[in-house]
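The values are calculated or read from the model by the stated rules, or taken from the named source; none is laboratory data. In this text, all values refer to a predicted model and were calculated from it rather than measured experimentally. Cβ sites come from the backbone with ideal geometry, for glycine too, and all protein chains shown count toward neighbours. Surface accessibility is based on the protein's heavy atoms, side chains included, excluding ligands, DNA and RNA. Shrake-Rupley method; radii C 1.70, N 1.55, O 1.52, S 1.80 Å.
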Amino acid sequence: MDPLVLDAMMPYFLQHYGNAASLQHAFGWAASEAVDLAREQVAQLIGAEKQEIIFTSGATESINLAIKGCMEAYYRKGNHLISVRTEHKAVLDTCAYLEKKGVEITYLSVNENGTIDLGELEAAIRPETVLVVVMYANNETGTIQDIGAIGEMAKKHKVLFFCDATQAVGKVPVNVLQKHIDVLSLSAHKIYGPKGVGALYVRRKNPRVTLTEQMSGGGHERAMRSGTLNVPGIVGLGKACEIAAKNLDVEMQRLQYLRDKLENALLQNIPETCVNGNINNRLPHISNMSFRNANSNQLLGVFRSALAVSAGSACTSGSNEPSYVLMAMGLGEQRAKSAIRFSLGRFTTEEEVDFVIDFVMKKTKL
Ligand SMILES: *Cc1c(COP(=O)(O)O)cnc(C)c1O
């Protein structure tokens, strides 16, 4: 976490411990005002209005609420949903759950750099399609989809567009109006905030989106997500969004410079290496590389004394399966089984990158 985020949160554990829903006394007001500010900070980062932000326990919950909540709320229109094979497990497992309940799902494929085909998307839209679900940027490769074009197409066909932007928010500019996004998920711990808190953007006009709540109770968060608010967590998420917005441009350039330095050095010095993902449109801080003479799990073993890298997403680590994201891109088993994801962050220094270049070159010579 960014220490500034922790500083912002601390008073809301100790002094201002009121319930944000208790508006009969000053303890409640202090908490409620803090939540209000955080709502504004989150909204600002994505070009939304604060009334459009629903606080949750993280992106997984936001995704469940978005997909299940839309399919339930718009059941009269139909029961068809379009998603993509390379989505995060939180999306794919929610889709699998709905499939068992009778929802029809079309999974779009991706090309070798991880992007979907807009013609294929348009062809998949039917009169009974309720929702299109496409992530902003992939968590394993950093590949960014053509979100503006997808949003426009959904709008043209009067289908809702839910975008899981958990990896993109705070890393690249995200604007829900410009990109015609109707519902969007994000998470605090991906942007130097605390774990266990996130948000869902739910559009209020053109069109006004309604979601069936997945957690019933006291009617918090416009009745879409009941339960006493996690005030310190929400304050932390708000602060994390404020910091991310302030530094976005400079930080993007810094990370891209460091990422490219790492990538170019490894590509030049280690035979049979290549980059996975869309090198022309991807997040600035992720590098997914295959070391085709090696095996990911063996590499993780020799790297782990000094590096925290992974072969896929954290959620699927521990399995020996090749990444389903890389397999869906059609890169083949050898390339998928030799892939390593490096990710850089706010506190990564150039000295660290230089160390990693050296270290990886030495270790892959063994
Ligand atoms: C991390 C992540 C999630 C899950 O977020 P949690 O807050 O950990 O539930 C969902 N989607 C993407 C793209 C992610 O990177």
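Would you calculate a helix-derived [θ] at 222 nm for the chain, using -39,500 (n - 2.57) for each DSSP H run of n ≥ 4 and dividing by the full residue count, to the nearest 500?
On the way: 11 runs with 144 residues, N = 366.
Dividing the helical sum by the residues of the chain leaves -12500 deg cm²/dmol.
Which shape class, rounded, prolate or oblate, goes with region 248-363 when its Cα gyration tensor gives a ≥ b ≥ c as root eigenvalues, a/c under 1.5 marks rounded, and past that a/b bigger than b/c marks prolate? Write out the running numbers ahead of the final one.
Numbers: a/c = 1.57, a/b = 1.31, b/c = 1.20.
Prolate, since a/c reaches 1.5 and a/b exceeds b/c.
Between K50 and E352, what is the FRET efficiency for a Förster distance of 35 Å, r being their Cβ-Cβ separation, to the nearest 0.05? Kindly include the intermediate steps, with their values, before the conclusion.
Working: r = 37 Å, r/R0 = 1.06.
So, using R0 = 35 Å, E works out to roughly 0.40.
In square angstrom, what is the accessible area per residue of region 3-243 with a 1.4 angstrom probe?
Values: 9760 Å² over 241 residues.
Accessible surface, normalised per residue, equals 40 Å².
Using a ≥ b ≥ c from the Cα gyration tensor of region 92-138 (square roots of the eigenvalues), is it rounded, prolate or oblate, where a/c under 1.5 gives rounded and otherwise the larger of a/b and b/c decides, a/b for prolate?
Note, shape of region 92-138 comes out oblate.
Pick out the long, greasy-scoring helices in the chain: whole DSSP H runs spanning 15 Å or more along their own axis by Cα, mean Kyte-Doolittle at least -1.0.
Numbers: long enough: 26-46 (31 Å, 0.48); 59-73 (20 Å, 0.42); 89-100 (16 Å, 0.09); 231-269 (49 Å, -0.09); 350-365 (23 Å, -0.33).
Qualifying helices, which must be both long enough and hydrophobic enough, are 26-46, 59-73, 89-100, 231-269, 350-365.
Using a/c under 1.5 as the rounded threshold, could you call the chain rounded, prolate or oblate? The axes a ≥ b ≥ c are square roots of the C-alpha gyration tensor eigenvalues, and prolate needs a/b larger than b/c, oblate otherwise.
Working: a/c = 2.06, a/b = 1.27, b/c = 1.62.
Oblate is the answer for the chain, as a/c is 1.5 or above yet b/c matches or exceeds a/b.
Within region 121-159, which GluC sites (Glu not before Pro) sit in a loop by DSSP and count at most 16 neighbouring Cβ atoms inside 10 Å? Please list the in-between numbers first.
Numbers: sites: E122, E128, E140, E152; in loops: E128, E140.
Passing sites in region 121-159 are E128.
Using a 1.4 Å probe over the heavy atoms of the protein chains, calculate the carbon and sulfur portion of the accessible area of the chain as a whole percent.
Values: 8320 of 16270 Å².
Accessible surface attributable to carbon and sulfur in the chain totals 51 percent.
For region 119-137 and region 46-118, compute the distance between their C-alpha centroids and round to whole Å.
10 Å
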